[in-house]
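Shown next, in structure tokens, is the structure this report addresses.
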């Protein structure tokens with residue numbers, strides 16, 4: 001299956017085509033809902049990527065939006081069909097347990113060719129060990145039920161497994177604040193050491209590059225974010241994911257993506273070198289694994 005036919009990419013292509021065509025016509029989402037005899041929430045969820053649209057719904061919608069090109073219509077219909085293929089994150093155990101934005105992230109992450117992270121507090125989910133993920137989720141015992149926490153931990157492990165099974169693997173560039181090497185997340189020093197060891201092994205394997213944003217550098221004043229590139233390394237093929245506490249969002253706005261990429265580039269270039277960062281990770285892991293739990 002070509003990259004353009006994969007479910008997450010196909011869903012994104014359809015929803016952006018719908019949104020762009022609606023904007024070109026000057027229609028509001030409410031006007032589309034009225035014309036199609038749908039609820040407003042259905043239109044909003046289709047455009048946000050929370051749900052897919054069936055080919056039977058898509059054809060009259062494209063007609064209403066003024067799209068007459070038969071080749072384009074058929075291409076979008078095929079993408080709508082491709083977007084409905086079920087993947088592991090569609091399993092019932094994850095329904096309602098992970099956010100709509102996280103479901104989109106998982107799909108895009110599974111198909112991205114390049115991923116850039118900035119994480120100032122902890123390691124990115126796709127790099128976490130089970131124990132480390134449990135330590136993070138336990139911080140949200142008041143916001144999430146045990147079932148939700150377990151599902152999110154399992155999703156993180158499945159994401160990592162999926163990435164490791166891909167051929168070729170995506171190129172992953174992770175920028176971490178220096179404090180991430182020190183914060184045990186309530187899991188103990190040995191478990192943090194094992195987490196650091198796994199990251200060091202990923203760097204050694206060649207698919208992960210990591211740099212440390214040192215304490216001496218100014219803090220950028222933003223939370224964690226990810227930039228995912230589905231084909232070429234440019235904004236036209238990029239998606240931004242942002243997370244704060246238990247809330248998250250997928251951003252398709254080109255201006256905001258460009259802003260975050262520029263910030264990421266500045267921080268990456270000002271960070272400790274890849275070689276020295278890798279040595280810091282290894283040294284910290286050795287120090288932790290020599291200590292008592």
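Just so you know, all these numbers are worked out from the coordinates, no wet-lab data involved. In this text, all values refer to a predicted model and were calculated from it rather than measured experimentally. Cβ placement follows ideal geometry from the backbone for every residue including glycine, while neighbour counts extend to all protein chains displayed.
List of remarks:
- The long axis of helix 254-270 is offset from the longest Cα principal axis of the chain by roughly 20 degrees.
- Using a cutoff of 8 angstrom between alpha carbon atoms and counting only pairs six or more residues apart, the relative contact order for the chain works out to 19 percent.
- Taking N as its residue count, the alpha carbon Rg of region 147-189 over 2.2 N^0.38 Å: 1.52
- Fraction of the pair-distance distribution of region 143-279 above 26 Å, Cα-Cα pairs, percent: 30
- Cα-based helix-to-principal-axis angle, 189-205 vs the chain, degrees rounded to 10: 60
- Label point distance in nm, residue 253-residue 231, each placed 7 Å from Cα along Cα→Cβ: 2.5
- Of 216, 20, 248, the one that fluctuates the most in a GNM where the chain has Cα springs shorter than 10 Å: 216
- Histogram of C-alpha separations across the chain, 10 Å bin width, %: 6, 26, 32, 21, 10, 4, 1
- Helical runs assigned H by DSSP (4 residues or longer) give the chain a calculated mean residue ellipticity at 222 nm of -16500 deg cm²/dmol, each run adding -39500 (n - 2.57) before division by the residue total.
- The overall shape of region 227-273, judged from the alpha-carbon gyration tensor, is oblate: a/c is not under 1.5, and a/b is no greater than b/c.
- Result for the chain in a Gaussian network model with C-alpha springs under 10 Å: among 193, 96, 162, the largest mean-square fluctuation is at 96.
- Computed from the alpha carbon atoms alone, the convex hull of region 3-85 holds 77 Å³ per residue.
- Per-peptide packing, taken as the mean over residues of other Cβ atoms within 10 Å, places 102-113, 258-269 in the sequence 102-113, 258-269 from highest down.
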